[in-house]
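What follows is one structure encoded as structure tokens, with my remarks underneath.
None of the figures in this text is laboratory data; all of them are computed from the coordinates on show. Every value quoted in this text rests on a predicted model; they were computed, and no experiment measured them. So basically every Cβ, Gly included, is an ideal-geometry build from the backbone, and we count neighbours across all protein chains shown.
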Amino acid sequence: MVDLMEKLHGENRIEEFRKIAELLKSKIASYEGVSGIVCAGGLIRRFADKYSDVDIIVLLGEKDKDLRKKVRKIGKEEQRRSGVDVDLEVHFLEDFRTRKWDEMARWDFSHSEIVFDLEGKVRKLFKKKLRVSKSFWLKRIVIYGEYLKWYCFPPQDNVGTIVDAWVDRGDLISAHYCLDYALGLLIRIIFALNREFLPPPKWEFFYSCNLKWLPSNYKKRISEALTIKNLSKSDLDRRLRATGELA
């Protein structure tokens, strides 16, 4: 697969960020009661710029509020020293185990790195929390697929869609907007087909380009589908055709 990070422009400060993360790890891991340390975000992407921060999650074995304060203080002190934003989360292991992970958490933790795991509890916890049923991905494909048909790809020729409804109502801006939403659904189906959790919306398209399976000429076709040359019916039809080639 193509290394997407090589395509990003701007100053890559990843080495600076890694040094900060390593310093934080060595300080925090020295405290008794720290069960695990996890690196996420730009540290794992291998790209960090002026918009990035150092993402670290610390897990404490016991509900020691004083220790939590001490660990948080280490993060704040390093942020002041380095001038780099440090997003340091501190959780009690038991609370973390029972907390329901939303989609963003599943993505983050499936693309994170456990850099300290005192008794192997963190790795076991992640494995359990990220496990999904065999039907999980199929359900996603079916649900997103139904919405996709509803928005712009009807099962029969004589069935209207939401995009059609806005055209008939005379609001082409809303029609184009709904097609954009349908493209988002299509990208989510592609993630599900690859058995990948969804990243945060700001990263969805970027990471979709590096999935193992993609429709042929994916980037070219989705670029055509996303491009709005003008808010006309003919341009809407062109975008619909390009979207149909992806589906």
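Only Cα pairs under 8 Å and at least 6 apart count here; give the relative contact order of the chain as a rounded whole percent.
Numbers: 311 pairs, mean separation 38.9, N = 247.
So the answer I get is 16 percent.
Could the peptides 96-103, 50-57 be put in order, highest first, of the mean number of other beta-carbon atoms found within 10 Å of their residues? Don't skip to the answer; put the middle values down first.
On the way: 96-103: 11.6, 50-57: 18.5.
Put in order of decreasing packing, that is 50-57, 96-103.
D87 to K124: FRET efficiency via 1/(1 + (r/R0)^6), r the Cβ-Cβ distance, R0 22 Å, to the nearest 0.05?
0.35
With n ≥ 4 as the cut-off for DSSP H runs, can you work out [θ] at 222 nm for the chain, using -39500 (n - 2.57) per run divided by the number of residues, rounded to the nearest 500?
Values: 12 runs with 137 residues, N = 247.
One gets -17000 deg cm²/dmol as the mean residue ellipticity at 222 nm.
Quick one: if the Förster radius is 41 Å, what FRET efficiency do K139 and D235 give, using the C-beta to C-beta distance and rounding to 0.05? Numbers along the way, then the final one.
Numbers: r = 35 Å, r/R0 = 0.84.
Here the calculated transfer efficiency is 0.75.
Could you rank the peptides 236-242, 79-85 by their average count of other C-beta atoms within 10 Å per residue, with the highest value first? Before the final figure, lay out the partial values.
Details: 236-242: 17.4, 79-85: 12.9.
Per-residue mean Cβ counts within 10 Å order the peptides as 236-242, 79-85.
Run the simple label-point estimate for M104 and V132 please: 7 Å along Cα→C-beta, distance reported in nm.
In this crude spin-label approximation the distance works out to 1.8 nm.
Would you mind working out the magnitude of the charge dipole of the chain relative to its Cα centre, with +1 at each Lys and Arg C-beta and -1 at each Asp and Glu C-beta, to the nearest 20 Debye? Mind showing how you got there, number by number?
Details: 47 positive and 38 negative charges, 132 e Å.
The calculation lands at about 640 debye.
Give the separation of the Cα centroids, the stretch 184-226 to the stretch 25-53, in Å.
28
Taking the alpha-carbon centroid of each part, what is the distance from the stretch 118-155 to the stretch 91-107 in angstrom?
Distance between centres, Cα-based: 16 Å.
Within the set K69/K100; K27/K124; K65/K124; K76/K128, which residue pairs have Cα atoms separated by over 26 Å? It would help to have the intermediate numbers written out before the result.
Values: K69/K100 24 Å; K27/K124 24 Å; K65/K124 24 Å; K76/K128 31 Å.
The pairs that break the limit, which is 26 Å between Cα atoms, are K76/K128.
Taking 0.36 nm per residue of sequence separation and subtracting the Cα-Cα distance, how much length would be gained by fully extending the chain between R97 and W213, in nm to one decimal?
On the way: separation 116, 0.36 × 116 = 41.76 nm, distance 3.24 nm.
Full extension from R97 to W213 adds 38.5 nm.
Out of residues 5 or more away from A247 or on other chains, whose amide H comes under 5 Å of its own, with H placed 1.01 Å from N in the peptide plane?
none
At 7 Å along Cα-to-Cβ for each site, give me the label-to-label distance between F205 and K50 in nm.
Spacing of the two 7 Å Cα→Cβ label points: 2.3 nm.
Which one of L93, Q79, S52 has its Cα pushed farthest toward the positive end of the charge dipole of the chain, where Lys and Arg give +1 and Asp and Glu give -1 at the Cβ?
L93
Sorted by packing (mean other beta-carbon atoms within 10 Å per residue), highest first, where do 161-168, 183-190, 116-123 land? List each step's numbers first, then the result.
Working: 161-168: 17.6, 183-190: 20.5, 116-123: 14.9.
In descending order of packing, they fall as 183-190, 161-168, 116-123.
For the stretch 136-246, what is the relative contact order in percent, using Cα pairs closer than 8 Å and at least 6 residues apart in sequence? Don't skip to the answer; put the middle values down first.
Values: 111 pairs, mean separation 27.1, N = 111.
Relative contact order, the stretch 136-246: 24 percent.
Each residue of the stretch 131-146 in order: what ³J(HN,Hα) in whole Hz does its phi give by Karplus 6.51 cos²θ - 1.76 cosθ + 1.60, θ = phi - 60°, with x for Gly and Pro?
Ordered by residue, 3J(HN,Hα) equals 6, 10, 6, 4, 8, 4, 6, 4, 4, 4, 4, 5, 5, 5, x, 5 Hz.
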